[in-house]
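These notes concern the structure reproduced below.
Every number here is computed from the coordinates shown, using simple stated rules; none is lab data. None of the values given here were measured: they were computed from a predicted structure. Glycine gets a Cβ as well: all are built from the backbone with ideal geometry, and neighbour counts include every protein chain shown.
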Amino acid sequence: MRRRRLHRVTFALAGAYNIAWGCYAVLDPQWFHRVTGLPLSNSPQIFACLGMVLGLYGLLYLEVARRPEAGWPVAAVGLTGKILGPVGLAWLIATGTWPADTVIMIITNDLVWWVPFALYLRDAWPEFRSTFSGSGLA
């Protein structure tokens, strides 16, 4: 696979970041509200649940780092979420539901990963396609 080492490092970093972010969100689910000036949530469990899901994504990203030839589906789902998250936030900001300060979460959780995830998907596609084609499912 082209740029295999780069992709392993990228997904190891993404995995560690997601696990750390997820753990912090579980331990302190009101932090985002305090930092952005949003009123504290009446149901912080929702943000804690988001942290749990993002932490679990971290485990999946670590698996992509371990075996990049087999990680295309995980990375594709990950990048899709990293695109849809900013779309949803843009809607919340445009409608005045959330303040513009909330964009900070999208920068570190989503935007910084667009190029490395897309590059990985491009490089991993031939490997994934040949593996999938050989499985009898294509």
Mean residue ellipticity at 222 nm from the helices of the chain, using -39,500 (n - 2.57) per DSSP H segment of n ≥ 4 over the full residue count, to the nearest 500 deg cm²/dmol?
-> -24500 deg cm²/dmol
Rounded to whole Hz and in sequence order, give me ³J(HN,Hα) for the range 80-92 from the Karplus expression 6.51 cos²θ - 1.76 cosθ + 1.60, θ = phi - 60°, writing x for Gly and Pro.
-> 4, x, 6, 8, 5, x, x, 4, x, 5, 4, 4, 4
Which label marks the calculated value of mean projected area of the Cα convex hull in nm², given the options [x] 11.7; [y] 9.1; [z] 15.5?
-> [y]
Net charge dipole size for the range 21-138 [Lys, Arg +1 and Asp, Glu -1 on Cβ; Debye, nearest 20] | 80
Ranked by GNM mean-square fluctuation in the chain (Cα springs under 10 Å), the top entry among P44, P29, P68 is P44
